[in-house]
Each structure stands twice: as structure tokens, then as C-alpha cells.
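The structure appears right after this line, and notes come after that.
The values are calculated or read from the model by the stated rules, or taken from the named source; none is laboratory data. Owing to the predicted nature of the structure, the values given are computational and were not obtained by experimental measurement. Note that we place each Cβ from the backbone using ideal geometry, even for glycine, and neighbour counts take in every protein chain shown. Side chains included, ligands, DNA and RNA excluded: accessible areas come from the protein's heavy atoms. Shrake-Rupley method; radii C 1.70, N 1.55, O 1.52, S 1.80 Å.
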Amino acid sequence: MSKKIVLVTGASRGIGRAAANKLSKTGFNVIGTATSQKGVDQINQEGMYGLILNLNDKKSIESMWENIIDNFNCVDILINNAGITKDNIIARMSMDEWEEVINIHLNATFYMCQRATKLMMKNRFGRVINISSTSATIGNRGQGNYAAAKAGIEAFTRTLAREFGSRGITANNIAPGFIDTDMTKFLSEEERDNIQKDIPLNRFGKPEEVADLINFLASDEASYITGQTIHLNGGLYM
Ligand code: NAP
């Protein structure tokens with residue numbers, strides 16, 4: 001049987017990189033994206049198929065899909081992982097900070113899912129795995145834009161699960177808590193210590209721990225799971 005094709009956005013760093021490598025090792029054919037040629041070269045060197053993608057630019061999204069259709073004409077599993085933060089308290093948040101985060105997370109997730117499900121429907125098989133965040137459920141000071149985008153993704157995913165279930169397509173969210181990646185590097189030692197006090201497992205998660213759950217949701221063993229948000233946060237939210 002031919003290998004299933006997985007598209008992982010943001011495969012150059014952090015959770016996406018760990019997930020792309022894990023999926024590649026467990027027998028998937030992985031397409032990974034980065035915003036720069038350097039990132040694409042790294043993905044290629046790691047034995048995957050690298051593509052440029054800027055989710056804040058509709059033309060970039062279109063050209064990535066053209067490449068996928070020309071070279072594969074298939075995506076079995078879509079992992080909407082790429083993301084950014086533009087933190088600010090609501091009183092000071094600019095419209096640009098609000099819009100960029102909503103665009104890269106929520107708007108892009110809608111469009112990526114719409115494109116991918118068109119291909120998935122032909123094979124009557126598909127898996128969508130969206131990476132949301134604990135922020136969507138508990139809120140997080142300074143993350144009004146991010147929390148709103150991630151909560152929107154979670155609600156959108158449930159609708160996706162309902163609309164596409166009869167076509168053999170499942171859709172789920174993974175909501176990580178604090179994970180050790182570039183996204184959390186800006187925290188000071190003191191901030192980290194304070195956060196860790198609220199985490200029963202008393203540490204940040206590793207990108208590989210999120211990758212393991214992504215790999216499970218992509219596997220045959222997860223065939224009856226859909227419309228769910230699975231929390232992975234060391235007990236920060238329960
Ligand atoms: P990260 O280490 O900062 O990596 C971000 C990835 O997204 C990179 O591959 C980056 O590509 C890509 N990216 C950034 N802007 C992009 C854009 N405009 N278009 C396309 N790709 C873009 O982040 P991470 O911590 O692994 O986060 C991955 C996902 O998990 C995100 O959706 C994030 O919101 C979510 N999450 C993270 C945490 C956490 O604590 N780390 C917690 C909850 C949820 P380049 O390398 O080319 O810049």
C-alpha cells in the first residue's frame with residue numbers, strides 16, 4: 001500500500017518540526033512548510049518535501065496548493081500547526097496585532113481545510129488535526145487575539161467533523177499548554193517558575209510529546225475519534 005501523504009504547516013521549528021519527523025519515521029510521506037527557503041532546505045535535508053508557505057499571504061497559500069496538486073494531487077492528513085503570537089493586553093492591542101493573529105490562525109485554518117477536504121473527498125478518507133491552545137479554554141492575559149483565534153478554530157473543527165464525517169474525514173483539535181519552543185522562549189526565568197507552579201507535572205511540555213499525540217491521531221488506531229479537543233498540558237487545565 002502506498003504511504004499516506006501528510007501536510008504539516010510550520011514544519012521548520014518547534015511542534016511542527018517534531019511532528020513532521022515523527023510522522024516521517026512512522027511511515028508517512030511528509031510535506032512540510034516554512035516561511036523561508038532556509039527552512040525549506042532544512043525540511044528537505046531531513047528527508048521530507050519542503051514548501052514555502054506564508055499563511056498571511058493568500059498568494060503564497062495558493063502557490064503552495066498548486067505545487068501540491070501538480071506533484072501529489074492528494075493530501076490524506078492535514079496538520080494546521082503553523083502559528084505566531086502578537087501578545088498585548090486588550091487595552092493596548094492594535095488592530096494590526098489583532099488581525100494578523102486572527103488571519104494566520106483562524107482565517108488560514110478555514111481556507112487550508114477547505115482546500116484539503118476537496119482532495120480528501122475524492123478518496124473518501126481524510127484527517128484534519130488543528131493545533132489550538134489551552135488559551136482557548138482558560139483565556140490568557142495578553143492573548144485576547146490568540147485565545148479568540150484558537151477558540152474559533154476549535155468551534156470550526158467541530159463543524160468540520162459534522163459536515164465531513166459521512167465522507168470518511170475526521171477533524172480534531174490538540175490543545176497544548178506550555179510547550180518548550182521558540183514561542184515560549186521570551187518568558188523570563190521568574191515567569192516560567194510562576195507558570196510551572198500551576199502545572200501539576202511541574203514542567204513545560206516537549207514538542208515531541210505533542211508530536212506523539214499528532215502521530216496517534218494520524219494513525220489507523222484513531223479512526224473513531226472526531227470533533228474532539230484533546231488537551232495536553234501537564235494538568236494546567238483539567
Ligand atoms: P514555533 O516554534 O514558534 O514555530 C512556529 C512555526 O510556524 C514555524 O515553523 C514557523 O515557520 C511557522 N510560521 C510562523 N509564521 C508563519 C506564517 N505567517 N505562515 C506560515 N508559517 C508560519 O511555534 P510552536 O510553539 O511550535 O507552535 C506550533 C503551534 O502550536 C502553533 O499553532 C501554536 O499556536 C501552538 N501552540 C504552541 C504552544 C507553546 O507553548 N509552544 C502552546 C499552545 C499552542 P518559520 O520557521 O519559517 O518562521
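In the assembled protein chains, GLU97 presents an accessible area of approximately 40 Å² (probe radius 1.4 Å).
At a probe radius of 1.4 angstrom, the accessible area of the chain per residue rounds to 50 square angstrom.
When both segment 2-29 and segment 91-114 are represented by their alpha-carbon centers, they are found 24 Å apart. Where does helix 108-123 land angle-wise versus the long Cα axis of the chain, in degrees 0 to 90, nearest 10? Helix 108-123 sits roughly 30 degrees off the main axis of the chain. Sites listed here are chymotrypsin sites (Phe, Trp or Tyr not before Pro) in segment 152-238 whose DSSP assignment is loop and whose Cβ has at most 16 other Cβ atoms within 10 Å: PHE186, TYR224, TYR237. Distance from the Cα centroid of segment 120-195 to that of segment 197-218 is 13 Å (rounded to whole angstrom). Taking GLY205, GLY27, GLY144 as the candidate residues, the one with maximal mean-square fluctuation in a Gaussian network model of the chain, Cα springs under 10 Å, is GLY27.
The accessible-area ordering, largest first, of the residues THR134, THR35 stands as THR35, THR134, per a 1.4 angstrom probe. Taking the convex hull of the alpha carbon positions in segment 1-115 and averaging its projected area over all directions gives 7.6 nm². Cross-link partners of LYS25 among lysines, defined as those whose alpha carbon lies under 20 angstrom from its own and excluding same-chain residues fewer than eight positions apart: LYS3, LYS4, LYS206. The residues ARG17, ARG92, sorted by heavy-atom accessible surface at 1.4 Å with ligands and nucleic acids left out, run ARG92, ARG17 from largest to smallest. Angle of helix 58-71 to the longest C-alpha principal axis of the chain, folded into 0 to 90 degrees and rounded to 10: 40°. Here the ratio of the Cα radius of gyration of the chain to 2.2 N^0.38 Å is 0.97. When nucleic acids and ligands are ignored and a 1.4 Å probe is applied, LYS118 ends up with an accessible area of around 120 Å². Accessible area per residue was computed with a 1.4 Å probe on protein heavy atoms; THR26 scores about 70 Å².
Ordered from largest to smallest accessible area (heavy atoms of protein chains, 1.4 Å probe), the residues THR226, THR117 come out as THR226, THR117. Note on the chain: GNM, Cα springs under 10 Å; of SER132, SER12, SER219, the largest mean-square fluctuation is that of SER219.
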